[in-house]
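**Student:** There's a structure below that I have some questions on.
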Amino acid sequence: MTLYAPCLRYFPAPDGYRFAVRVWNRPGVAAGRVVVIHGIVSHGGWYLSSCRHLAEHGFEVHALDRRGSGLNMAARGDVGTYETWLTDVEAYLASLPPGVPTVLAGISWGGKLVAALARRPWPDLAGIAMICPGLFACQQANRWQRTLLQVAGAAGLSGLRVAIPLRDPALFTATPCWRDYIRDDPLTLRRVTIRFALADLQLNVYARAAPEDIRAPAALMLAGRERIVDNGRTRDFFHRIRSPDKTELEYPTAGHTLEFEPDPSRYLCDLRDWIARVTRA
């Protein structure tokens, strides 16, 4: 099968920020469109295998690098408010040609953003895939830490930076080569501003508030050897989604980043087949 390489584009957000997007778009009519949203420390380059796999099976694929992440060097690890993250994706979706059934695929932190986006109905949404979504993290800021962040923000210190508490590559995968990749990747995000951390807390509240508002077909994919996400609370959230079309899958021996398994073929085929089904509906 032909290997498809992405085209790198830069999209201007409504406030003028230009963020990078990797696009796989074969000539002809696409079977559907997939928009991939990455995690808090990662970027679109982590998910080249799954994006290429979907492109080889006829899908148009767009992998966005969140502002201040990945290839986006401006305002590194910073954001004004959580609404900016939502607006960035919504503006990008609105810029694409209409009439193509579209799936939002959110990985880790991106799964949380997808859940928030899915509360707002928009044209052409065929479904959402939440892949090890970071709605409920095992390592969350406690009440004291949240208070400290809020006090620092109120004191005008919101531009100061704090470390993201996911420094150990073993949290993401047990595969040695992929651990090395995460450790050595110069584009991996290590630190964020207090302003970013506060926006993330606000996104938590918004994304978790009303799963009943989500009516689109939804898939939940979980890792059995998860060390970042609280699978139990995530399942409870997913069961509250009102969509009549829900698919839940778990990979018992997999770590958090399903793509970084020694053999991710089952996950890739499951994701492809689910997307094919909902975009045909």
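The values are calculated or read from the model by the stated rules, or taken from the named source; none is laboratory data. Worth saying up front: this structure is predicted, and the values here are computed from it rather than measured. No Cβ is skipped: glycine too gets one built from the backbone with ideal geometry, and neighbour counts run over all protein chains shown. Accessible surface areas use protein heavy atoms only, side chains included; no ligands, DNA or RNA. Shrake-Rupley method; radii C 1.70, N 1.55, O 1.52, S 1.80 Å.
**Student:** If the Cβ limit is 6 Å and pairs must be 6+ apart or interchain, which residue in the range 12-27 that is touching a residue at least 60 places away in the same chain (Cβ under 8 Å) pairs with which residue that is part of a loop (DSSP other than H, G, I, E, B) and surrounded by 17 or more Cβ atoms within 10 Å (Cβ to Cβ)?
**Tutor:** From the range 12-27, the pairs are Y17/R67; F19/D65; F19/R67; F19/N72.
**Student:** Mind counting the residues in the range 231-280 that are polar (S, T, N, Q) and assigned to a strand (DSSP E or B)? I'd like the intermediate steps shown before the answer.
**Tutor:** Pass one, the range 231-280, residues polar (S, T, N, Q): 231, 234, 243, 247, 253, 257, 265, 279.
Still in the list and also assigned to a strand (DSSP E or B): 247.
So the answer is 1.
**Student:** Suppose the filter is under 18 Å from the mean Cα position of the chain (by Cα), among the small types (G, A, S) and not in a loop (DSSP other than H, G, I, E, B); does A170 pass it?
**Tutor:** Numbers: under 18 Å from the mean Cα position of the chain (by Cα): no; among the small types (G, A, S): yes; not in a loop (DSSP other than H, G, I, E, B): yes.
When the stated conditions are applied, A170 does not pass them.
**Student:** Determine which member of the set G134, G110, G106 is touching a Phe, Trp or Tyr at 6+ places or on another chain (Cβ under 9 Å), open to solvent by less than 20 Å² (accessible area, probe 1.4 Å) and within 29 Å of V278 (Cβ to Cβ). Steps first, please.
**Tutor:** Numbers: G110 fails: touching a Phe, Trp or Tyr at 6+ places or on another chain (Cβ under 9 Å); G106 fails: touching a Phe, Trp or Tyr at 6+ places or on another chain (Cβ under 9 Å).
Going through G134, G110, G106 in turn, the sole match is G134.
**Student:** Would you confirm whether or not the range 195-217 contains a residue that is closer than 21 Å to Y47 by Cα and not in a helix (DSSP H, G or I)? Steps first, please.
**Tutor:** Step one: filter the range 195-217 for residues closer than 21 Å to Y47 by Cα, giving none.
Checking the range 195-217: not a single residue is closer than 21 Å to Y47 by Cα and not in a helix (DSSP H, G or I).
**Student:** Is it the case that D230 is free of Cβ contacts under 8 Å to residues at least 12 places away in the same chain, open to solvent by 30 Å² or more (accessible area, probe 1.4 Å) and of a type in the set (D, E)?
**Tutor:** Working: free of Cβ contacts under 8 Å to residues at least 12 places away in the same chain: no; open to solvent by 30 Å² or more (accessible area, probe 1.4 Å): yes; of a type in the set (D, E): yes.
In short, no.
**Student:** I'd like the residue in the range 174-198 that is surrounded by fewer than 12 Cβ atoms within 10 Å (Cβ to Cβ) and acidic (D, E) and, out of all such residues, is farthest from G255 (Cα to Cα).
**Tutor:** Only one residue tops the list, namely D184.
**Student:** Collect the residues in the range 20-32 that are open to solvent by 10 Å² or more (accessible area, probe 1.4 Å) and either within 13 Å of the chain's Cα centre (by Cα) or not aliphatic (A, V, I, L, M) (or both), keeping them in residue-number order. If you could, list the steps in order and put the result at the bottom.
**Tutor:** Just the residues of the range 20-32 that are open to solvent by 10 Å² or more (accessible area, probe 1.4 Å), to begin with: 22, 25-31.
Correct list: R22, N25, R26, P27, G28.
**Student:** Going through Y92, Y17, Y47 one at a time, which residue ends up being more than 24 Å from F238 (Cα to Cα) and open to solvent by less than 20 Å² (accessible area, probe 1.4 Å)? Full working, then the answer.
**Tutor:** Details: Y17 fails: open to solvent by less than 20 Å² (accessible area, probe 1.4 Å); Y47 fails: more than 24 Å from F238 (Cα to Cα).
The unique qualifying residue is Y92.
**Student:** Looking at (1) in a loop (DSSP other than H, G, I, E, B); (2) closer than 27 Å to P14 by Cα; (3) of a type outside the set (D, E, K, R), can you tell me which one L104 breaks?
**Tutor:** That leaves (1) as the condition not met.
**Student:** Then there's this: Out of G156, G134, I need the residue that is of a type outside the set (A, V, I, L, M, F, W, C), part of a loop (DSSP other than H, G, I, E, B) and at pLDDT 95 or above. Which one?
**Tutor:** On the way: G156 fails: at pLDDT 95 or above.
Testing whether each residue is of a type outside the set (A, V, I, L, M, F, W, C), part of a loop (DSSP other than H, G, I, E, B) and at pLDDT 95 or above leaves just G134.
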